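J.: Take a look at this one; I'll ask things after.
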Amino acid sequence: MMTQAVPPASGMLRMCRILEVVAHSPVLKSFLVPRLFDALPGQFVNLWLPGIDEKPFSISGIRETCMELSVKAVGPFTRRLIECAEGEWVGIRGPFGNGFPLEPGALLVGGGIGMAPIRFLAQMMAERGLPCTLVCGARTRADLIFEPELLRWGCHMSTDDGSCGTCGQVTDLLDGLMAEHPASAVCAAGPEPMLLRIMEFADRWSLPYHISFERYMKCGIGICGQCCVDGSGIRLCIEGPVLNRDQTRLVTEFGLPHRDASGLRPGTPASPLGKR
Amino acid sequence: MNPIQTTLPGLTLASPLVLASGILGLTASSLARVASLGAGAVTTKSFGVEPRAGHKAPSILPYEHGILNCVGLSNPGVDQMIREIWAYRARSVVPIIASVFGKTVEEFGVVTARALEAEPDMIEANVSCPNVAAEFGVPFGADFGSCAQVTGIVKKNAGRIPVAVKLTVNCPAIGRMAGVCEEHGADVITAINTIGPGMLIATDVRRPVLSNLTGGVSGPAVFPVALRAVWEVRKHTTLPIIGVGGVTTVDHAVQMLMAGATAVGIGSAVHYGGVDVFQTINEGLREFARANGLASLGAVIGTAHSEPPPRGSGA
Ligand SMILES: Cc1cc2nc3c(=O)[nH]c(=O)nc-3n(C[C@H](O)[C@H](O)[C@H](O)COP(=O)(O)OP(=O)(O)OC[C@H]3O[C@@H](n4cnc5c(N)ncnc54)[C@H](O)[C@@H]3O)c2cc1C
Ligand SMILES: Cc1cc2nc3c(=O)[nH]c(=O)nc-3n(C[C@H](O)[C@H](O)[C@H](O)COP(=O)(O)O)c2cc1C
Ligand code: FES
């Protein structure tokens, strides 16, 4: 009795050379690599620096023959990665995760390096002639990526210090934009406090939303359990990273520090709560 | 009656499929989700006394025929896992198996005693992780004496809670090892853990891909090895067996039962069949029971050892 065959494996490693490096600032760079596969905006890959480590990065754009990743140096791995030059070998596994839906008339909101998947989304919507409103927030002008392109797309910008666009939080812009020009949905990626404010904003206006969240990841293929969110237990590397309202409603860990590589949430008291 | 119901010491499982340790087993929410999707029991990620971050990435690497992993027993530590198990129990009635490990025999004893605070339905002693040899030395499961000692102390400290010992094929003779565990108080044998370890090299950069260079092999590639191991364990003991290793289809699950397993572990199959794999295989098993006129799947357990071929099978 032979029943279902084993479906083909995915999540396997592919090696490629970096084709081009684009420096946005000393700590922000984009890397062009060969287009190894088709992907949706919001999907991500695990990038391996041989002998060093492997970490998740959103796809920030896809062109005919290449795929782009945009990286902000925040720690040991990303600091090492942005030193990489054209021609260096990297390993790529993916594409992982679900990705954003293409919603005509959506507000696309990116905060900081969260602009990476939003830029890919804007690119794809532009290619398909789907209207959208682009909004981008950063701490300072130096933290902006894709500025020339964003300006060309008529992106609404805000910086915390007013060095580019309006001064303040990106969420401050949203109510004004909505009043002017009602949107059909919100798609967003960025720092979690900003994302939580966007959820409030969307609730206030009864807008559907699709928001990309980050958690510590290892496998990318839905088995290690590292990226499962408390509440529903869904895996951000498979069912996410983009969650809608029905999914976020079941998450109970927003606002808490993220679980680390051991699975422990920093700040958890050492001794268990005890029984019952 | 539920034809796919099975039993392990002190437990009734609505399905023979048991979520294997290390797969979606870090948090209460994740375990409860898998339970709600059709697992007959769930096993936690193996935990020890202290939190461990494990090896760097890549630590999990699918290839054409399976998966390599060198996760390295990453876990949040017993304090946190006690909370997770409690939180799980508040949400699910599906039995939960607490998988424990120690660096020393004594540590196995300590973590078992602590794990009891969570009142799991079973303790599984993982004496078979292949990914911590540099740090822990040869796995306890590779040596009759050490395996006996660990089984003894875990059994003693587990009190009335049944104890499973999870074995590896990386040992002189897994059947005899199971016999040793039985003599020293084990109630269940779980077989097998990942095998190898194996290695994969990225030829373009001429270096092994896994951060720890090597990793245990799981998934479809190991199924025949796991099946043979379960067969041998059945020959050497009368203990119930959780047969784990490479099961991705209904047919694999049935083969495990026929080799002598009472329950069937599901690990890497979550990669191949998604979290729905529990539902899919459960349905297939029900269909198998119906098609073969079995009131209970229990009727096929161990039958490959003795049963003459069914009439009309052409054999
Ligand atoms: C789905 C997803 C998409 C991402 N997209 C991008 C992107 O497009 N551009 C970008 O610059 N960064 C992105 N990141 C974040 C990026 O993975 C981290 O910045 C990077 O892993 C940090 O490693 P580090 O050693 O430099 O810093 P560390 O000092 O080790 O960590 C800095 C921060 O990154 C987090 N982090 C570390 N390791 C991981 C890991 N394995 N998985 C998830 N988070 C981790 C830490 O929790 C910490 O908050 C993404 C993360 C996820 C989960
Ligand atoms: C990513 C991963 C992590 C694992 N972690 C553990 C663990 O912590 N403890 C354990 O006893 N087994 C662990 N295992 C082994 C599995 O429980 C199982 O024995 C093995 O993978 C073979 O079954 P499979 O082919 O169905 O995955 C792990 C396996 C994988 C793939
Ligand atoms: S990263 Fe392993 S389950 Fe998501």
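J.: Compute the projected area of the convex hull of the Cα atoms of the range A:83-152, averaged over all viewing directions, and report it in nm² to one decimal place.
T.: Average of the hull's projected areas for the range A:83-152 equals 6.5 nm².
J.: With every protein chain kept in place and ligands, DNA and RNA left out, what is the accessible area per residue of the range B:6-304? Probe 1.4 Å, answer in Å².
T.: Per-residue value: 32 Å².
J.: Follow-up question, since we're still on this one. Add -39500 (n - 2.57) for each DSSP H run of 4 or more in chain B, then divide by its residues: what number comes out at 222 nm, to the nearest 500 deg cm²/dmol?
T.: Value at 222 nm, helices only: -10000 deg cm²/dmol.
J.: I need the P(r) histogram for the protein assembly as shown: all alpha carbon pairs, bin width 20 Å from 0 out to the longest distance, whole percents.
T.: Histogram of Cα-Cα distances, whole percents per bin: 20, 49, 26, 4, 0.
J.: Where Rh is the Kirkwood radius over the Cα pairs of the range B:50-193, the temperature 20 °C and the viscosity 1.002 mPa s, what D in µm²/s does Stokes-Einstein return?
T.: Rounded to a whole number, D works out at 137 µm²/s.
J.: If you don't mind, there's one more thing I want to ask. May I have the pair-distance distribution P(r) for the range A:59-213, computed from all Cα-Cα distances with 5 Å bins from 0 and rounded to whole percent?
T.: The calculated distribution, bin by bin, is 2, 9, 18, 22, 20, 15, 8, 4, 1, 0.
J.: If you don't mind, there's one more thing I want to ask. What is the local net charge at residue A:117, summed over the other residues whose Cβ is closer than 12 Å to its Cβ (Lys, Arg +1; Asp, Glu -1)? List each step's numbers first, then the result.
T.: Numbers: positive: A:119; negative: A:68, A:214.
With Lys, Arg at +1 and Asp, Glu at -1, the neighbours total -1.
J.: Restricting the calculation to Cα positions, tell me the Rg (one decimal) and the Dmax (whole number) of the range A:124-209 in Å.
T.: Calculated on Cα positions, Rg and Dmax stand at 12.8, 35 Å.
J.: Here's a follow-up. Partner chain Cβ atoms within 10 Å, averaged over the residues of B:200-208 - can you pull that number for me?
T.: Average neighbour count from other chains, rounded to a whole number: 4.
J.: Among the DSSP beta bridges whose two residues both lie in chain B, what percent are antiparallel, rounded to the nearest 5?
T.: The answer is about 40 percent antiparallel.
J.: Further, regarding this structure: Which whole number of Å³ per residue matches the convex hull of the alpha-carbon atoms in the range B:6-304? Each step should come with its number before you reach the end.
T.: Details: hull volume 34.0 nm³, N = 299.
Given the Cα convex hull of the range B:6-304, per-residue volume reads 114 Å³.
J.: I've got another one for you. Which is the longest stretch in chain B that no exposed loop site breaks, taking sites as trypsin sites (Lys or Arg not before Pro) with a DSSP loop state and at most 11 other Cβ atoms within 10 Å?
T.: Excluding the exposed sites themselves, the longest stretch runs over B:1-159.
J.: Then there's this: Ignoring ligands, DNA and RNA, please state the percent of accessible area on the protein assembly as shown from carbon and sulfur, probe 1.4 Å. If you can, show how the numbers build up before the last one.
T.: On the way: 12400 of 22590 Å².
Its accessible area is 55 percent carbon and sulfur atoms.
J.: Oh, and also: Tell me, what are the semi-axes, in whole angstrom and largest first, of the equivalent ellipsoid of chain A as set by the roots of 5 times the Cα gyration tensor eigenvalues?
T.: Calculated on Cα positions only, the semi-axes equal 28, 25, 20 Å.
J.: Note every residue of the range B:12-31 with a reduction of at least 40 square angstrom in accessible area, all protein chains present versus the isolated chain, computed with a 1.4 Å probe, or write none.
T.: B:24, B:26, B:27, B:29
The values are calculated or read from the model by the stated rules, or taken from the named source; none is laboratory data. Model, not experiment: these values are computed from the prediction. Because the Cβ atoms are built from the backbone with ideal geometry, glycine has one as well, and the counts that use them run over all protein chains shown. Note: accessible area is taken over every heavy atom of the protein model, side chains too, but ligands, DNA and RNA are not part of it. Shrake-Rupley method; radii C 1.70, N 1.55, O 1.52, S 1.80 Å.
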